[in-house]
Each structure stands twice: as structure tokens, then as C-alpha cells.
Amino acid sequence: MKLTLENNIYENIHADFGIRFLTKESLEDDLHVTLLKSAGFKASQDETCLLLESKTIVCGVKELKSDSLRSATATAIQVLMKHTHKRVKISACGINNIKAITEGLILGSYTFEKYKSEPKECEITDILIAAEDKDGNLAEYENMKNFFEAAKIIATATNFTRELVNTTPEDIYPQAMAEIALDLAERNSLTCNVLDEKQLQEQGMNAMLAVGRASRHQPRLIHLSYKPENPLHVISLVGKGLTYDSGGLSLKPAASMVTMKMDKAGACAVLGMMKAVSELGLPIEVHGFLGAAENMVDSNSYKPDDVLKSKNGKTIEVRNTDAEGRLVLADVLSYAQQEVEADYLFDYATLTGACMVALGQYTIGIMGHSHKLKHDISRAASKSGELTGGLPFNEHLKKLLKSDIADISNISSKPYGGAITAGLFLDNFIDEDMKEKWLHFDIAGPAYTETPWDCNVYGGTGAGVRMSVKFLENLCK
Ligand code: BES
Ligand code: ZN
Ligand code: ZN
């Protein structure tokens, strides 16, 4: 399926089928209003109706703005993928919407076919986007083309993340993730350094090593860097890469274990960001640190009651082996700060079920000390079409992580505020001079979905990629 931006208006493009948007207001003035209304079409958001005579699918939108258009485009393309039309046309709906339309097409048409013996073949060969404004007049092509190309890179990188998240633990284990990173580095001229279990021992990363110890696949720390000349900023991105989370000895119940291949979504999002940033050629030095491990059960498992000495010297009492992500991140965050003096340090993790309880399934939880940074990333997220919610750090919750026998416990002593106490746990591994530069993103809710929503289809969503790339783009303005 090839996307092209045509220097032409919608009406003049030859195609087998077209996608058109209608709001409740514009429905009233539409040429086909009687027919559409008789078919029960009300132009509600994401409602579609096929007009076979005029070879058009109409899709309802709340308003002709990015969020509505991205979702509607994704819905419309999913309907057309079930048909046999080859060339499909669509309007860019103006310079402010071309990114959303492009994303809707690329993200909405993603399907995961890797394990099907007969992969679905999409019959659409070309999608022609008319470089026109909302009123159907020709827009400034070159300007629009820049937005179009950037959106293609970002949406394709998001699908790259989705594909990795969807891949099974049999195929993506820590060393396999390292090989994927090395391959990306080669393709995109990045550098990549992989630490194996021996090197992790030399680095004193005992928390991460303990988590991965019971697996036949030992942990890896993967460090990717993108270093353009004269960078405006330096940023470190850290990702939780649990290639499988069984819970360990604090074993998950059967139903909660299904989908835990997605516990590597933070690391996969960082891989997607590295891909996007390098392809966009942003003038920012970006480091990606992935903590890859598999949380399993055998006679060598780490245990509730263990005390682990982490890389930064703090001792951690293990009271639940299913709170493993924070143990991996503790060491990887310490390593990232040791290796790179960054202006910003962000971590991404499917860290807590509690974050979903707090914010719902669709929203990324943001934690950190800097109000300005939280504000800037939330704005970037909402511009990019991702949802975020702030979870405030709280002095009183800190004491719930106290341990009687070690410096800190890996779980809270109370059942409330679990996403925040996990964030506060990580705060223990952030150096004093980095406190205001650090943000923690809990993506447990939106990273994976079993029911499609917005431009997301079944499986990995690539949560965090669009938001973060937008933040980095804003840093270059
Ligand atoms: N990977 C899970 C969190 C998770 C749960 C992600 C559901 C996505 C969907 C994490 O390692 C975990 O198990 N967290 C525990 C922490 C608890 C033991 C303090 C949780 O959320 O129950
Ligand atoms: Zn867990
Ligand atoms: Zn986990």
C-alpha cells in the first residue's frame, strides 16, 4: 500500500474509491443527504456508510480536526481493506490535518500477520492524498509534503514498535531484542552496545540480574545512540524490556499472564523512537537504554525475602517478584546516568496495573518532579493524539516503601496509589542533579489493547512513540 501526496484537488484525482468526511452540520448540505439519512447515517464520529454508486465511503467526524480525523481515517481504511478497490483517494483536509490523516491511514491499516499460515493480503495498492485545504482548494504543496513525510516516518516507526510488542517471547527474548537493536543500528547509522550477563555483573547490576536469573535467556542491557553533529540537546530514553513477565515466584494468576509478552513495550517504544528520530534527522543526541530480561520460575528464581544490592549501592528487599520492572529500571536508570550526561531522562514502562485503575486503559501516566517538563510533554502528547494524565508524587506515600531490613522495599505496604509508589521507588535511583530532568511514563494501560480504539488495532499500540517524537520535534523549534 503506497501513500502519495498528490498536488491536486480531491475532485480531480482518478481513483477506484474515495473517502469523505462529514460532520453533523456538513451532512445537512451534502449532495447525498437524503440517501445517507435513509440509510440511518447520522455522521456520528467513526460511523461509516458506503455509497456504492458514487464509489465513496463517508465517515462521520465530530469536527474537522486532527483527533477526529485520525480516528475516522483509521476506521474508513479498515472498512475498505475488506473490499477489492486498488486506488483509494482522500483529502488532506488542510495543512493542520495532513499528519493526522497520514497517521490514520498507516496506523489504521496495520495488521499483525506474522503467525498466520495465510497472511491477509490487502488489495489496496495506492492511496492518493489530495493536497487541498478544508474547502477543497489546492493547498501549498511543498509545506504539506514536509508534514506528510514526517508523519509517514513517525507512523511507520509506531508500527515497528507494535510488531515487536506483538511478537511472542519464543521469538523475542533478551538476546533477540539485542539483535533487533543491532540491526536497527546498522540500517539507521546508530551505534549499539550490548552488555551480556558478565558485563552486567561487572557493572554491579544485581537487581536486573536477579529478575532474569531463572530464565534460560539471560538479561541484556542494550545501549543505542544517535549522534548528529552539533546537537541542540542530549536526551536519554530508558525502556522496560521484560520479554515475558510470568510474575516469577509471586506467580501471576493464569488470566493475568496472558498478554504479558507486552511487558517489553517500553523498550520497544524506545526502539521506535530511535528509528523515528534518526529518520527525521532531528538535531538532538538521543540515547536509548533497554533493560531486557525474562521474569520466569525455576529452582534458581529470585525470591520474596531476598535482598538485592542495586547498581547505585542501595539495597532492595524483595517482597514480590512480580514487581520486577522497577528492579530492572533501577539498574538501567543508574547505568544511563553513569554513561550519559543528559538534559532530559525519560523512562517508559508497563509498570503497574494500578496505573490503569487510576487513569483507565487509554492514558499514559506521567510522573516526575518538574511541573514544566510534565506540562511540556502533556502538550506534545495531546498534539500527537496520545492521552496522558499526571499522577502527583506525594511525600506521605514515600514512607510506604520503607523496609525493616534493607534501604527500600520493592512494593508498597499499602494497596492504594500503586502507580505513584512505583514511580517513587524509581525516584530513589535518580541522581540529585537529574531530579528535575527526569520523567517516568507508566504505559501499562495504553501499550496493548484487545479491543480496537482510535487508530489502534488489536495488540501493541506503540504507546509513547508519537508523544515523545513530538516533544523532541518541539525541542528543535
Ligand atoms: N508488568 C506488570 C504490570 C502490568 C499489569 C502491565 C497489567 C500491564 C498490564 C508489572 O510487572 C506487575 O506485575 N506489577 C504489579 C506490581 C505489584 C506486585 C506491586 C501489579 O501491577 O500488580
Ligand atoms: Zn510483574
Ligand atoms: Zn512487568
Indicate, rounded to the nearest 5 percent, the antiparallel portion of the DSSP beta bridges found entirely in the stretch 2-139. 20 percent
Working note, the stretch 2-139: Cα radius of gyration (Å, one decimal) and Dmax (Å, whole number) are 14.5, 48
Along the charge dipole of the chain, pointing to its positive end and built from +1/-1 on Cβ of Lys, Arg, Asp and Glu, which listed residue (Ile124, Ile101, Ala254) has its Cα farthest out? Ala254
Among Phe393, Ile57, Leu242, the residue whose Cα sits farthest towards the positive end of the charge dipole of the chain, when +1 is placed on the Cβ of each Lys and Arg and -1 on the Cβ of each Asp and Glu, is Phe393
Would you mind checking the pairs Lys62/Lys261; Lys55/Lys120; Lys65/Lys114; Lys309/Lys437 and listing those with alpha carbons more than 32 angstrom apart? Lys62/Lys261; Lys65/Lys114
Report, in whole Å, the centroid distance computed from the Cα atoms of the stretch 36-90 and the stretch 127-161. 18 Å
Rounded to the nearest 0.05, FRET efficiency between Thr315 and Ala254 (Cβ-Cβ, R0 45 Å) equals 0.85
Between Asp183 and Leu35, take the C-beta separation as r, use R0 = 51 Å, and let me know the FRET efficiency to the nearest 0.05. 0.50
With Cα atoms, 0 to 90° folded angle of helix 66-80 axis to the chain main axis: 70 degrees
Which residues qualify? For Glu6, with a placed amide H closer than 5 Å and at least 5 residues away or on another chain, they are Ile129, Ala130, Ala131
Could you work out the Kirkwood radius for the stretch 156-475, taking every pair of different alpha carbons, averaging 1/r and inverting it, reported in Å? 19.0 Å
Going by amide H atoms built from the backbone, whose H comes under 5 Å of the H on Ile284, apart from near neighbours? Leu232
Using only Cα atoms, tell me the angle between helix 174-188 and the longest principal axis of the chain; keep it within 0 to 90° and round to the nearest 10. 50 degrees
Segments 220-233, 256-269 sorted - mean Cβ within 10 Å per residue, highest first: 256-269, 220-233
Please pull out the direction-averaged projected area of the stretch 368-477, using the convex hull of its alpha-carbon atoms, in nm² to one decimal place. 8.6 nm²
Among 298-305, 381-388, 287-294, how do they line up from the highest to the lowest mean number of other beta-carbon atoms within 10 Å? 287-294, 381-388, 298-305
Which parts of the stretch 207-240 would a label at Asp196 reach, counting a residue when its backbone N lies under 13 Å from a point 7 Å out along Cα-to-Cβ? 218-221
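How big is the antiparallel share of DSSP beta bridges in the chain, given as a percent to the nearest 5?
35 percent
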Working with all protein chains in place, sort Arg20, Arg319 by solvent-accessible area computed with a 1.4 Å probe, largest first. Arg319, Arg20
If each residue of separation counts as 0.36 nm, what is the full-extension length gain between Glu339 and Glu113 once their alpha-carbon separation is subtracted? 77.5 nm
Degrees between helix 418-427 axis and first principal axis of the chain (Cα, 0 to 90, nearest 10): 60 degrees
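The values are calculated or read from the model by the stated rules, or taken from the named source; none is laboratory data. A quick note: this is a predicted structure, and the numbers were derived from the prediction, not measured. We place every Cβ from the backbone using ideal geometry, glycine too, and count neighbours over all the protein chains shown. What goes into the accessible areas is simple: the full protein's heavy atoms, side chains included, and nothing from ligands, DNA or RNA. Shrake-Rupley method; radii C 1.70, N 1.55, O 1.52, S 1.80 Å.
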